[in-house]
Every structure is written in structure tokens, then in C-alpha cells.
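Remarks on the structure that follows.
The values are calculated or read from the model by the stated rules, or taken from the named source; none is laboratory data. Because the structure is predicted, anything quoted here is derived from the model rather than measured. For neighbour counting, all protein chains shown are included, and Cβ atoms are generated from backbone atoms with ideal geometry for every residue, glycine included. Heads up: the accessible areas ignore ligands, DNA and RNA and are worked out on the full protein's heavy atoms, side chains in. Shrake-Rupley method; radii C 1.70, N 1.55, O 1.52, S 1.80 Å.
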Amino acid sequence: MNSNGHLVYRLLLAVDIQAYSKRDTREQLLAQRHLSDALDSAAAGVGLDRARWDKQVGGDGELATLPEGVDPAPVAGDFVIRLAAALRGINHDRGAGAPLRVRLSLHHGTLTAGPFGPAGDAPIVVQRLLDAGPLRRLLVDEPGRDLAYVVSDSLYEDVVLTGFCALPPAGFQAIKVMAKGAAFRGHIFTGPVAGTDEGGAGGPGDRPSARMPAGPPGARVHDFPTLVPHKQHA
């Protein structure tokens, strides 16, 4: 990313592990590795290489600025579906261990490189949405959900509503959060976006399916319609 003070317009992604501080050191390290693997897998599934992302990492997640020219539609849709599928697979394999449950936010806007990470409005927006109370509550209210996902208001209008995104607009609910005296608007995906078809994800024609998370016995599951990803426009 440009480091001489020039503004650039990029796609930003922020991710965070739920209840990270409650894990012991070994579990924290394992969660980091599993999340990194899941992100790598989801990115590769849409033709992206995370090694090319400009990442500002923390113990429980990262803020990533994606390279110039990345198509936002596959990131806003197929990447998210594949990430949810990867998390579901990890948690299935872990059995009785603490599940890896993740919050994810996406935004596009202007920023510039700085000595401690990207500076500008865009990094602030994506982080405020990641920390939004409604996004955190989604994982609390739905114990069968592995991924809570939010997009900014502008990305929803510019990308999700176009029909090129694999997740349909009907699956999102608008939110408004206040943080440090400022309002931030976004759209949380409240439809099911977890699990894969039997056999897992294969090639481009074998996109993971979006389906209702099962949840534990007796858990209340919201009656959202099953949302099958739209096919990309030719």
C-alpha cells in the first residue's frame, strides 16, 4: 500500500475471535492457527492470496487491506460462505473443544498508510462495525452460528444490491450503532451461512451451500428462509 501520504481506495476486512481472552494460551494459539487456515482457504476459494493482503494483526484477529483491483462481489459473498464452511468444518473436527466463532466486517473506502497501520475513515468504519453490539449479540443469540457478518451501508448499496453478490439482500438487516459520538450504519447478514454440502467444497461449480445452523438441542432457532447463493452474472 502507498506509504507516502497519498489516499487510496480499497476493500477492507476485519475479523475477530469471540471470547478469545477466556481461552488459555494453548487454546489462543490454536484458535489463531485455525482462523488463519480458514481465512487462507476462503480466500483461495475465490482466487485471492492472503500473502498479498496488507494486514494489521492482533492476538484475536486482523484488519486487512486488500490489493488494488480486487472485485468486491466475490469477497462480500462467496468468500464469506467459504469462511463459514471452513469454520463449521473446524468446529466439527474439534468435537467437545471450545468452538471457533468469529465476527467479520467488510467496508470499502479511502485510507492511507501510516507507521502503525492504515489511517483514514475506512479503517475506523470497518472496526466500529466489527465491534457493534448487534453483531456480537448474533453469536450469543444463535449458538449454532459460527460466523457473524456485517457490511457497511455503502458496501451494501454498491455491491450487495447489485445482484453480483452470492448472498441476497433479503438476508441482511440494517443496523445503526453509536461509537465515540459518531453514527455508523451497516447491514448484518442474519440468514444462515454455515455448513457445506456433503463432501465439502470442491471446484468453482461446487460452491458451499448456505443453510440453517442446527444449534444445540432445545435451542431457539430463528425462522429465517434458507438462502441459496445466487449464481454470478456472466
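Any residue that is among the charged types (D, E, K, R), within 30 Å of GLU27 (Cα to Cα), open to solvent by less than 20 Å² (accessible area, probe 1.4 Å) and in a loop (DSSP other than H, G, I, E, B) - is there at least one of those in the range 96-112?
Initially, the range 96-112 is screened for residues among the charged types (D, E, K, R), giving 101, 103.
Those left that are additionally within 30 Å of GLU27 (Cα to Cα): 101, 103.
The next check asks that each one be open to solvent by less than 20 Å² (accessible area, probe 1.4 Å); those that pass are 103.
After this cut, where a residue has to be in a loop (DSSP other than H, G, I, E, B) as well, the list is none.
So far as the range 96-112 goes, no, none of its residues is among the charged types (D, E, K, R), within 30 Å of GLU27 (Cα to Cα), open to solvent by less than 20 Å² (accessible area, probe 1.4 Å) and in a loop (DSSP other than H, G, I, E, B).
What about ALA182, is it open to solvent by less than 40 Å² (accessible area, probe 1.4 Å) and over 16 Å from LEU13 (Cβ atoms)? Can you show your working first?
Working: open to solvent by less than 40 Å² (accessible area, probe 1.4 Å): yes; over 16 Å from LEU13 (Cβ atoms): yes.
It is true that ALA182 is open to solvent by less than 40 Å² (accessible area, probe 1.4 Å) and over 16 Å from LEU13 (Cβ atoms).
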Considering residues that are in a loop (DSSP other than H, G, I, E, B) and modelled with pLDDT of 95 or more, the number found within the range 28-59 is 5
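What are the residues in the range 146-179 that are surrounded by fewer than 16 Cβ atoms within 10 Å (Cβ to Cβ) and in a strand (DSSP E or B), if any?
Selection gives GLN173, ALA174, LYS176, MET178, ALA179.
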Within the range 123-145, the residues that are open to solvent by 60 Å² or more (accessible area, probe 1.4 Å), closer than 15 Å to VAL15 by Cβ and touching a Phe, Trp or Tyr at 6+ places or on another chain (Cβ under 9 Å) are ARG128
Flagged in the range 37-52 as touching a helix residue (DSSP H, G or I) at 6+ places or on another chain (Cβ under 8 Å), open to solvent by 10 Å² or more (accessible area, probe 1.4 Å) and either at positive phi or in contact (Cβ under 8 Å) with a residue 12 or more places away in the chain (or both), in numbering order, are ASP37, SER41, GLY45, VAL46, GLY47, LEU48, ARG50
Item to complete: Would you be able to say whether some residue in the range 15-27 is surrounded by fewer than 13 Cβ atoms within 10 Å (Cβ to Cβ), of a type in the set (Lys, Arg) and either closer than 18 Å to ARG88 by Cα or modelled with pLDDT of 95 or more (or both)?
Response: no
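Condition first: more than 21 Å from HIS108 (Cα to Cα), touching a Phe, Trp or Tyr at 6+ places or on another chain (Cβ under 8 Å), modelled with pLDDT under 95 and not acidic (Asp, Glu). Can you find one or more residues in the range 199-213 that meet it? Don't jump to the end; show me each part of the working.
First pass over the range 199-213, keeping only residues more than 21 Å from HIS108 (Cα to Cα): 199-213.
Keeping just the survivors that are touching a Phe, Trp or Tyr at 6+ places or on another chain (Cβ under 8 Å) gives 212.
Still in the list and also modelled with pLDDT under 95: 212.
From the residues that got through so far, the ones that are not acidic (Asp, Glu) too are 212.
Scanning the range 199-213 turns up at least one residue that is more than 21 Å from HIS108 (Cα to Cα), touching a Phe, Trp or Tyr at 6+ places or on another chain (Cβ under 8 Å), modelled with pLDDT under 95 and not acidic (Asp, Glu).
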PRO118 fails exactly one of (1) farther than 21 Å from GLY59 by Cβ; (2) modelled with pLDDT under 95, namely (1)
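Take the conditions open to solvent by less than 40 Å² (accessible area, probe 1.4 Å), within 21 Å of HIS187 (Cβ to Cβ) and under 12 Å from the mean Cα position of the chain (by Cα) and apply them to LEU66. Does it pass?
On the way: open to solvent by less than 40 Å² (accessible area, probe 1.4 Å): yes; within 21 Å of HIS187 (Cβ to Cβ): yes; under 12 Å from the mean Cα position of the chain (by Cα): no.
No; evaluated as a whole, the condition is false for this residue.
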